[in-house]
Amino acid sequence: MTETSRRFHASNANSMKSLSINLLRWNSGWDEIRACIEAVLASDLVDFELTYMENFNPDCPSLASEVKEQFEADGRVRVVVMEANLGYAGGHNRFFDETGSELLMVLNPDALIEPDFLKRIVAAFEDPHVGAATGKMIKPGQNSSGERTLDGTGILVSRSRRGYERGQLEIDRGQYDNEPQVFGVSGTAAVYRKSALEAVKIGSSEYFDEDFFAYWEDLDLSWRLRLRGYSCVYVPGAIVEHQRAVGQSEGGVRNFFGYVRHHRAFPLNVRQWSWRNHLFAILKNDHGWRFFRDLPFIAARELGMLIFLLCFMPDTLLAVPGALRLLPKMLAKRRYIMRHIKPDVGMIDPFSTLLAAPHDAQLGRRGR
C-alpha cells in the first residue's frame, strides 16, 4: 500500500456516510472538474461524501491543489492523488476497497448530476435484491423543438452478446421510464451496494477487472452481480447530463461509411481495449444453455466484426498478442466466477433483446 493509499485508508476509517462518491480524473480540465463537483455539492441529499481521486498523468498537470483550495473546506470533499495511473478499474477499486459506506458511486468528470439525482437513486436500494443502479443519462443541450437526447438508460445485451446503452441517441420521450430492469449499469454515474461488490469481487480487492484497464469493465461487473442473484436497475427520475466521448455512431451500420469514419476516429488503444474486453467479458461470464442457444448469433457477430476489422481497422488486431498473454488469467477468473454462481430462479432471460438492433456491431459505447 502506498503512502497516499494509507492516508486514504486512514481518512476513511471513521467514515460511515450512507453514500460515498468517487470522482476519478486522468486528464480532464479544471472547468469540467469544477462543474462536476459543484453539481454534486448542490445535491438535495445531505448524508454523502465525495472523493476526488487523480490517476497519475505525467503529461497533465495535477488539479489537486485547485480542488483543495476551492472545495475541501466543505467537509464533504476529500482529495486523493495516486502515485501511478491505475486506469478506470484500478482507481475505483482502491475506492471500493478502502471506503466503508454501504452505497458507493463512481462518477465521470464529464457527468453533471441534477440536485435530486442522489436521493432518487439511493431510494432504489430499499429493495435488498438491487446490487447496482443507474439513472437517465441525457446529452447536453436541446434540439430546435426543445427536446433532449438520451445518452443511455442502462446496458442491454443482445443474443449476439453485444452490449449497448439502451436508448442512446434517441429523443427522450419517457419511452423507457416504466422499464426499470436492465442487464447492467454504465460506469459513468453508477451506484453499487458495497455488500454486493464484496460478494462478487475476485481475490482481495478486484471489483472491476483491472486487466481490462478501461472499457467494458462495467458490463463485466454487472454480469457478475447478476450471476450472484443481484439485479441492476434503471431509475428514470435520477437524471445526469453526460457528453460521451466514445459511443454509437448515428445510424449504426445502416450508414456504413459514417460508421467506419466514426470508429476510425477512436484512439487506437480505445479500439483495442473495447474489442478485447468485450470478448473477455463473454469468456469470463457466459455459460449454460443460453450460451449454446445463442452461439450461432454470437459466432456470426464475432466473425462479422473480425472481417470488418481486417478490412478497415487492422491495427485494432494488434491487441491479439496481449490478449493471448492474459488468456490464462481470464480462464482462472472464469473458474472462480463459475464456482460462485447462484441459480437464477425467477430471473428474466437477460439476453432477450433482438439480434437486429439498429447499432449492432458497435465497437465503443462509452467515453472516460
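Just so it is clear, none of the values below were taken in a lab; they were calculated from the coordinates. Everything numeric in this text was worked out from a predicted model, so none of it was measured. FYI the Cβ positions are ideal-geometry reconstructions off the backbone, even for glycines, and counts take in every protein chain you see.
The table that follows gives values for the structure above.
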| read-out | value |
| --- | --- |
| Stretchable slack from E126 to L327, in nm (0.36 nm times residue separation minus alpha-carbon distance) | 68.5 nm |
| Nearby lysines by direct alpha-carbon distance to K139 (threshold 26 angstrom, same-chain neighbours under 8 apart not counted) | K119 |
| Per-selection metrics, the stretch 19-155 (Cα): Rg and Dmax in Å | 15.6, 48 |
| Inter-site label distance for H340 and I202 at 7 Å from Cα along Cβ, in nm | 1.0 nm |
| Pairwise FRET efficiency - F56 versus R228, Cβ, R0 = 45 Å, nearest 0.05 | 0.85 |
| Cleavage-rule hits (trypsin sites (Lys or Arg not before Pro)) in the stretch 136-219: DSSP loop, at most 16 neighbouring Cβ within 10 angstrom | R173 |
| Under 23 Å from K68, Cα to Cα: lysines that are on another chain or at least 8 residues apart | K17 |
| Ordering of 272-278, 214-220, 204-210 by packing [mean C-beta count within 10 Å, highest first] | 214-220, 272-278, 204-210 |
| Gain in span if fully extended, I171 to E83, counting 0.36 nm per residue against the direct Cα distance | 27.5 nm |
